[in-house]
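The values are calculated or read from the model by the stated rules, or taken from the named source; none is laboratory data. Please read these numbers as outputs of a predicted model, since none were measured by experiment. Neighbour counts are summed over all protein chains in view; Cβ atoms, including those assigned to glycine, are modelled from backbone coordinates with ideal geometry.
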Amino acid sequence: MYNWVKKYFHVLVLIFAAQGFIASSAFAKEPGYYGLGRIATEEEIAGWDIDIRPDGQGLPVGSGSVSQGEGIFDAKCAVCHGDFGEGEGRWPALAGGIGTLTEDRPEKTVGSYWPYASTLWDYIHRAMPFTAPQSLTDNETYALTAYVLYLNEIIDDEDFVLSRDNFAEIEMPNKDGFFIDNRPDVINIACMENCKDPSKIKVTSAIKGITPLKHLEQTAAETENKVDSTKRGMGVYEQSCAMCHDSGLAGAPIVGDNKLWVDRIAQGMELLVEHATNGFTGDAGMMPAKGGNPSLSEEDLVAAVEYMVSQSR
Amino acid sequence: MKRLSENTTDLLKEIKAEAAELPQKKRRDFLLNGLKLSVGSALAATVGTAMAGKESLPPNVPVWSRKLGRGVVSVPYGHPSKHESDVVRRTVDWLTADSISSISMTPLHEMKGIITPSGLVFERYHAGVPEVNPDDHRIIINGMVDRPLILTMDQLMSFPSESVINFLECPANGGMEWRGTQMEALQFTHGMLSCCEWTGVKLSTLLDEVGIQKGAKWLLAEGADGAGMSRSIPLEKALDDTLVVYAQNGEMLRPEQGYPVRLFNPGWEGNTSIKWLRRLEIGDKPWYQREETSKYTDLMPDGTARKFSFVQETNSVITSPCPEKPMMHRGIHHLEGIAWSGRGKIKRVDVSLDGGVSWQTAKLKGLVLSKAITRFGMEINWQGEPLLLQSRAIDETGYVQPTLSQLREARGSNSIYHKNSIHTWMLDKDGTVSNVQLG
């Protein structure tokens with residue numbers, strides 16, 4: 001291979017030259033290859049670079065105390081998160097739940113679940129309060145972070161002042177509670193036959209009435225009509241028609257025998273219903289009015305004819 | 001009985017002919033009403049009533065064929081027919097505290113093919129939809145790079161473009177049902193899923209342009225919404241198939257989908273595809289943002305939690321029949337469904353009619369693309385017997401979609417996200433379909 005390349009090197013050079021742009025686009029470009037955009041200024045980046053990492057990277061100079069945080073929290077946060085971070089309605093609880101992660105109903109809060117305090121500072125600063133994101137100052141954010149940690153008993157001193165300098169000392173109770181994605185963690189086998197014991201299948205039925213379903217009502221009603229009609233038709237047939245139409249008695253076309261029905265069906269439902277209602281004598285035999293059952297309602301009779309046709313197509 | 005006039009006899013014939021087209025209950029009412037009216041005096045009015053709704057059926061010439069329709073650009077940007085007004089996104093109010101930080105679902109039961117129309121793609125906002133003016137929108141790429149860049153939309157769109165067809169799915173799709181069935185319709189059990197053509201610039205192209213420094217391993221993507229929605233992405237993915245996307249299904253992104261620009265991570269948790277993208281920062285460690293610690297981590301029974309569970313594992317569901325699309329008649333049915341995998345192409349889908357005792361392999365239909373919705377179908381002859389319908393997808397890595405019991409065995413019931421288990425619909429003998437779980 002290598003010798004071949006050497007021998008025909010000049011040809012390859014020509015091929016690459018001819019392909020020019022295509023060939024070059026197959027490889028990583030030098031930085032600035034396209035020359036689009038411009039170098040961002042430090043000031044521009046500083047205005048938008050708001051992320052904080054667990055190691056403290058990104059934390060600005062500043063500080064705030066637990067008691068300062070309490071005042072801000074009561075004014076701006078408690079309406080959703082509750083006076084003690086317990087959460088109003090479906091808004092998130094911020095405190096409590098320590099030791100519940102293995103329970104049937106775990107409470108995942110800042111104290112019980114979050115691995116890093118930096119996430120708290122970062123999120124309060126970027127997204128809170130909900131109705132006025134990025135409106136808090138750095139000092140207010142330090143104070144609120146301190147207060148939420150205090151609510152979770154991670155800080156127990158009311159006079160504690162949180163700052164960039166002591167931020168790294170905060171250790172969250174669940175810092176070691178996470179592991180890297182190790183899926184697939186479940187192996188299923190594509191069994192095709194006798195995969196389980198049918199007698200052991202247990203059906204858990206749906207909880208009704210908790211999803212919005214107005215759009216389904218119409219379809220369901222239609223189905224009900226349709227299915228009712230099929231059921232009714234089958235019932236009437238068994239009662240009043242099956243004696244002849246199961247056996248072919250008196251020249252009756254046997255239900256399910258398509259050859260006997262294809263021409264009859266082609267005449268249309270209207271005529272079939274009329275013959276069934278009033279009776280009919282033809283070459284093949286005789287159909288008594290309503291199959292000899294005068295008490296049959298029109299609705300039942302139509303259902304029976306529809307059923308017979310549906311089984312004989 | 002008084003003999004009817006010839007006009008009336010003709011009218012009765014008409015009424016009868018039309019009644020033949022109606023379902024029987026309606027037909028009886030129709031015949032009764034028609035007769036009552038026609039024997040009465042208001043003949044002229046009766047004609048109108050009797051004809052209503054049926055005048056466009058053969059042998060009549062349809063109403064719309066006898067007049068002119070609207071002209072060009074009477075609707076400069078087209079929208080669906082008014083008869084399709086039921087095909088809409090829906091939400092479940094009790095799932096979230098507020099509609100501004102919430103989710104809606106795609107009407108999967110009405111979707112055809114594999115592309116979700118842009119206006120029906122499920123929504124997930126953490127602080128509502130920001131109204132971004134593209135002229136004033138900028139993307140900054142900073143951190144461990146040689147050339148920190150600031151780009152306008154025009155500049156971004158001048159880079160070479162790529163288009164892909166990929167699904168987008170929220171990892172919480174189906175997550176309400178770890179403990180039992182809660183949702184009564186397909187739209188709610190599986191509707192946090194859509195599939196579109198996405199067009200943008202490969203993130204690797206932009207990273208080449210800025211020059212990544214040695215030691216860089218992660219990237220932070222950040223949105224311009226009120227949540228400053230942010231996620232850490234491993235550089236390995238960013239350099240593989242991540243796109244910076246500005247268009248969807250042939251036009252600029254919808255505001256709901258991140259207009260004017262979003263990240264797109266094929267096959268991964270939807271929330272990593274940061275919308276209204278304003279900044280990419282390159283670093284050597286993940287940032288542990290709120291949406292990758294407090295949320296989108298999967299709690300296990302022993303109290304530990306899986307983090308950075310990015311891939312959306314293989315999943316499938318039968319879309320016809322389903323609770324919204326019951327069986328309307330006995331006989332031959334074309335059962336249909338969708339399958340998708342965040343790890344690649346769908347290789348095979350099996351269908352069971354008996355709750356997983358026996359399985360048959362369905363046919364894959366239409367386009368079979370990597371990390372895209374793939375349709376499958378199978379013919380069944382239904383004679384009114386109750387069925388337990390299931391589908392089981394297998395992707396090109398050989399991964400077989402698991403049962404719910406297997407998932408619960410491994411993960412318990414509190415992990416919220418990534419419930420991709422085999423789904424069961426119970427088809428009742430009356431043709432209705434309900435959501436069940438098997439024990």
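I'm trying to understand the selection: among the residues of region A:130-144, which are more than 28 Å from the chain's Cα centre (by Cα) and either more than 9 Å from chain B (Cβ to nearest Cβ) or among the β-branched types (Val, Ile, Thr) (or both)?
A:135, A:136, A:137, A:138, A:139, A:140, A:141, A:142, A:143, A:144, listed by residue number.
Can you tell me which residues in region A:46-86 are of a type in the set (Asp, Glu), under 22 Å from residue A:98 (Cα atoms) and free of Cβ contacts under 8 Å to residues at least 40 places away in the same chain? Full working, then the answer.
From region A:46-86, those of a type in the set (Asp, Glu) are A:49, A:51, A:55, A:70, A:74, A:83, A:86; that's our starting set.
Checking the rest, the ones that are also under 22 Å from residue A:98 (Cα atoms) come to A:70, A:83, A:86.
Correct list: A:83, A:86.
Check A:79, A:148 and return the single one that is within 14 Å of chain B (Cβ to nearest Cβ) and buried (at least 19 other Cβ atoms within 10 Å of the Cβ).
Working: A:79 fails: buried (at least 19 other Cβ atoms within 10 Å of the Cβ).
The unique qualifying residue is A:148.
Results for (1) touching a strand residue (DSSP E or B) at 6+ places or on another chain (Cβ under 8 Å); (2) farther than 23 Å from residue B:288 by Cα, shown as yes or no for each residue.
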residue: A:67; (1), (2): no, yes
residue: A:82; (1), (2): no, yes
residue: A:113; (1), (2): yes, no
residue: A:119; (1), (2): no, no
residue: A:134; (1), (2): no, no
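For residue B:357, work out the one condition from (1) among the hydrophobic types (A, V, I, L, M, F, W, C); (2) assigned to a strand (DSSP E or B); (3) facing another protein chain (nearest Cβ under 8 Å); (4) surrounded by fewer than 21 Cβ atoms within 10 Å (Cβ to Cβ) it doesn't fulfil.
All conditions pass for residue B:357, except number (2).
Yes or no: region A:276-284 includes at least one residue that is within 26 Å of residue B:383 (Cβ to Cβ), within 14 Å of chain B (Cβ to nearest Cβ) and modelled with pLDDT of 85 or more. First the steps, then the outcome.
At the first step, the residues of region A:276-284 found to be within 26 Å of residue B:383 (Cβ to Cβ) are A:276.
Then drop every residue that is not within 14 Å of chain B (Cβ to nearest Cβ), which leaves A:276.
Subset that is modelled with pLDDT of 85 or more: A:276.
Yes, there is a match, as at least one residue in region A:276-284 is within 26 Å of residue B:383 (Cβ to Cβ), within 14 Å of chain B (Cβ to nearest Cβ) and modelled with pLDDT of 85 or more.
Only one residue in B:113, B:119 is small (Gly, Ala, Ser), over 27 Å from residue B:222 (Cβ atoms) and more than 14 Å from every other protein chain (Cβ to nearest Cβ), so which one is that?
Of B:113, B:119, the one residue that is small (Gly, Ala, Ser), over 27 Å from residue B:222 (Cβ atoms) and more than 14 Å from every other protein chain (Cβ to nearest Cβ) is B:113.
Test each condition in (1) surrounded by 14 or more Cβ atoms within 10 Å (Cβ to Cβ); (2) in a loop (DSSP other than H, G, I, E, B) for residue A:67 and report the one that comes out false.
Every listed condition holds for residue A:67 apart from (2).
I need the full set of residues from region B:137-159 which are over 20 Å from residue B:200 (Cβ atoms) and more than 7 Å from chain A (Cβ to nearest Cβ), in order please.
Within region B:137-159, B:143, B:144 qualify.
Residue by residue, here is whether (1) at pLDDT below 95; (2) outside the structural domain of residue B:121 (by TED's automatic domain parsing) holds:
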{"site": "B:61", "(1), (2)": "no, yes"}
{"site": "B:80", "(1), (2)": "no, yes"}
{"site": "B:84", "(1), (2)": "no, yes"}
{"site": "B:90", "(1), (2)": "no, yes"}
{"site": "B:101", "(1), (2)": "yes, no"}
{"site": "B:105", "(1), (2)": "no, no"}
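Just checking: which of the strands (runs of 3 or more DSSP E) contained wholly in region B:248-334 hold 1 or more residues that are outside the structural domain of residue B:131 (by TED's automatic domain parsing)? Explain how you work it out, then say what you get.
Numbers: elements: B:262-264, B:277-283, B:305-307, B:315-320.
Passing ranges, in order: B:305-307, B:315-320.
Filter region B:360-400 for residues that are outside any strand (DSSP E or B) and within 26 Å of residue B:331 (Cβ to Cβ); which is farthest from the other protein chains (Cβ to nearest Cβ)?
Let us first name the residues in region B:360-400 that are outside any strand (DSSP E or B), namely B:362, B:366-373, B:383-386, B:396-399.
Now drop any that are not within 26 Å of residue B:331 (Cβ to Cβ), which leaves B:362, B:366, B:383-386.
On the way: B:362: 13, B:366: 23, B:383: 10, B:384: 8, B:385: 13, B:386: 10 Å.
My answer is B:366.
With respect to the numbered conditions (1) on the phi > 0 side of the Ramachandran plot; (2) assigned to a strand (DSSP E or B), which one is the sole condition not fulfilled by residue B:344?
Every condition holds for residue B:344 apart from (2).
Given the structure, is residue B:70 of a type in the set (D, E, K, R), closer than 25 Å to residue B:186 by Cβ and outside the structural domain of residue B:225 (by TED's automatic domain parsing)? First the steps, then the outcome.
Working: of a type in the set (D, E, K, R): yes; closer than 25 Å to residue B:186 by Cβ: no; outside the structural domain of residue B:225 (by TED's automatic domain parsing): yes.
No.
Please state which of the following conditions residue B:44 fails to meet, knowing it meets all the rest: (1) at pLDDT below 95; (2) surrounded by 11 or more Cβ atoms within 10 Å (Cβ to Cβ).
So residue B:44 meets the others, but not (2).
Out of (1) more than 18 Å from residue A:56 (Cβ to Cβ); (2) among the aliphatic types (A, V, I, L, M); (3) touching a strand residue (DSSP E or B) at 6+ places or on another chain (Cβ under 7 Å), what's the single condition that is false for residue A:162?
It fails just one condition, (1).
Within region A:235-259, how many residues are farther than 12 Å from residue A:305 by Cβ, under 51 Å from the mean Cα position of the chain (by Cα) and in a helix (DSSP H, G or I)?
Matching residues across region A:235-259 total 6.
What number of residues in region B:168-192 are touching a Leu at 6+ places or on another chain (Cβ under 7 Å) and more than 12 Å from chain A (Cβ to nearest Cβ)?
Selection size over region B:168-192: 3.
Starting from residues that are of a type outside the set (A, V, I, L, M, F, W, C) and part of a helix (DSSP H, G or I), keep the ones in region A:102-122 and report whichever is surrounded by the fewest Cβ atoms within 10 Å (Cβ to Cβ). Full working, then the answer.
Start the filter on region A:102-122 by keeping residues that are of a type outside the set (A, V, I, L, M, F, W, C), which leaves A:102-109, A:111-113, A:115-116, A:118-119, A:122.
Filter again for part of a helix (DSSP H, G or I), leaving A:118-119, A:122.
Values: A:118: 27, A:119: 24, A:122: 26.
Filtering region A:102-122 for residues that are of a type outside the set (A, V, I, L, M, F, W, C) and part of a helix (DSSP H, G or I), the one surrounded by the fewest Cβ atoms within 10 Å (Cβ to Cβ) comes out as A:119.
If you scan region B:268-323, which residues turn out to be within 26 Å of residue A:102 (Cβ to Cβ), more than 10 Å from chain A (Cβ to nearest Cβ) and touching a Lys or Arg at 6+ places or on another chain (Cβ under 6 Å)?
Across region B:268-323, there are no qualifying residues.
Among the candidates B:342, B:331, single out the residue that is small (Gly, Ala, Ser) and surrounded by 20 or more Cβ atoms within 10 Å (Cβ to Cβ).
Working: B:331 fails: surrounded by 20 or more Cβ atoms within 10 Å (Cβ to Cβ).
Unique residue meeting the criteria: B:342.
Within region A:97-129, how many residues are under 22 Å from residue A:65 (Cα atoms), under 26 Å from the mean Cα position of the chain (by Cα) and more than 8 Å from chain B (Cβ to nearest Cβ)?
Of the residues in that region, 1 qualify.
Working only within region B:235-267, note down all residues that are within 14 Å of chain A (Cβ to nearest Cβ), over 14 Å from residue B:196 (Cα atoms) and touching a residue at least 60 places away in the same chain (Cβ under 8 Å).
Passing the criteria: B:237, B:244, B:261.
Name the residues in region A:267-308 that are assigned to a helix (DSSP H, G or I) and either over 21 Å from residue B:330 (Cβ atoms) or outside the structural domain of residue A:239 (by TED's automatic domain parsing) (or both), would you?
From region A:267-308, those assigned to a helix (DSSP H, G or I) are A:269-278, A:289-292, A:298-308; that's our starting set.
Passing the criteria: A:270, A:271, A:274, A:275, A:276, A:277, A:278, A:289, A:290, A:291, A:292, A:298.
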